[in-house]
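Take a look at the structure set out below.
Just so it is clear, none of the values below were taken in a lab; they were calculated from the coordinates. Remember, it's a predicted structure, so these values are computed and weren't measured experimentally. Reconstructed Cβ throughout: ideal geometry from the backbone, glycine too, with neighbour counts over all protein chains shown.
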Amino acid sequence: MYNDDVLNYFPKVWHDDWINYGISEQTLDKFDIRWYPYKNSILIPCYDRLGRLRGIRTRVMDEVAIENGSPRYIPLATLDGTTYKFGTGGMLYGEYQNEENVKSSKELWLCESEKTIMKFDTWTNGKSNAMAMMGSSISDESIMYILSLGVVKVVLMLDSDYKEYGDGEFQVFEKKIMKLASRLTPYVTVYCLYNNLGYDAYKFSPTDYTKEQFKALWKSKERLE
């Protein structure tokens with residue numbers, strides 16, 4: 001865990017890319033998003049369920065750096081040599097902000113990325129029950145946490161990393177979904193929301209669709225046994 005005083009050195013300035021994506025300023029403020037001018041990066045503080053700062057991820061916005069091999073998401077490294085890294089498998093992004101919504105609904109939408117969680121927050125006017133694995137796998141600790149909230153239904157909403165239903169990439173995607181679902185089906189009812197309606201949506205996250213498309217996908221989600 002880290003002292004959150006470090007965030008005072010970074011302004012609450014929000015990148016047009018995320019505003020244009022449809023994330024409101026209210027949501028960006030709620031999730032304490034900052035800007036790191038020196039590194040041309042968006043700062044994403046990651047708080048655990050008790051509101052403790054566990055680490056800070058950065059979304060690199062320099063496309064030239066990315067084309068030259070820089071990862072899009074890396075831990076914040078400040079000029080004094082401190083790296084705000086943490087084990088992403090030990091927590092879910094959004095657990096601090098959305099825990100009460102999940103408890104009251106007994107339903108969890110399990111996604112991959114922080115950006116998705118923030119857009120869901122905007123779409124639902126702060127009443128989202130979505131959390132992100134910050135990847136596509138889940139730890140035993142996170143499963144125990146989910147169950148402790150009284151969750152009875154989990155909807156898997158991973159990025160659609162395939163071009164066409166049934167192609168080789170889809171088979172990889174399907175194996176990933178089924179592996180994840182197998183960790184949860186002994187305890188809760190599991191559904192999967194994915195692009196089974198033929199949208200042109202390669203590598204789309206659930207919030208990359210329009211609201212209308214998302215509602216259609218919601219109606220066509222599939223239960224996994």
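About its Cα centre, the range 95-224 has a charge dipole of approximately 400 debye under the convention of +1 per Lys or Arg Cβ and -1 per Asp or Glu Cβ, with nothing else charged. Across all Cα atoms of the range 4-86, the radius of gyration (one decimal) and Dmax (whole number) stand at 12.7, 38 Å.
Between the listed residues 38, 65, 50, the Cα displaced farthest toward the positive end of the dipole of the range 31-75, a dipole computed from Cβ unit charges relative to the Cα centre, is found at 50. Expressed as a fraction of 2.2 N^0.38 Å, the C-alpha radius of gyration for the range 73-225 is 1.06. For the range 98-145, the extents of the C-alpha atoms along the principal axes are 30, 23, 10 Å, listed from largest to smallest. Helix 95-105 axis versus longest C-alpha principal axis of the chain: approximately 30°, rounded to the nearest ten. Look at 179, 115 and count the other Cβ atoms within 10 Å of each Cβ; fewest to most, that gives 179, 115. Working note: Karplus 6.51/-1.76/1.60 with θ = phi - 60° gives the range 163-174 the couplings 8, 9, 4, x, 6, x, 5, 5, 5, 5, 4, 4 Hz, where Gly and Pro are set to x. Peptide packing: for 152-159, 81-88, the average count of neighbouring Cβ atoms within 10 Å per residue gives the ranking 152-159, 81-88, highest mean first. Computed from Cα positions, the angle between helix 114-123 and the longest principal axis of the chain comes to roughly 70 degrees.
State the antiparallel share, in %, of DSSP beta bridges confined to the chain, rounding to the nearest 5.
Expressed as a percentage, antiparallel bridges in the chain total about 65.
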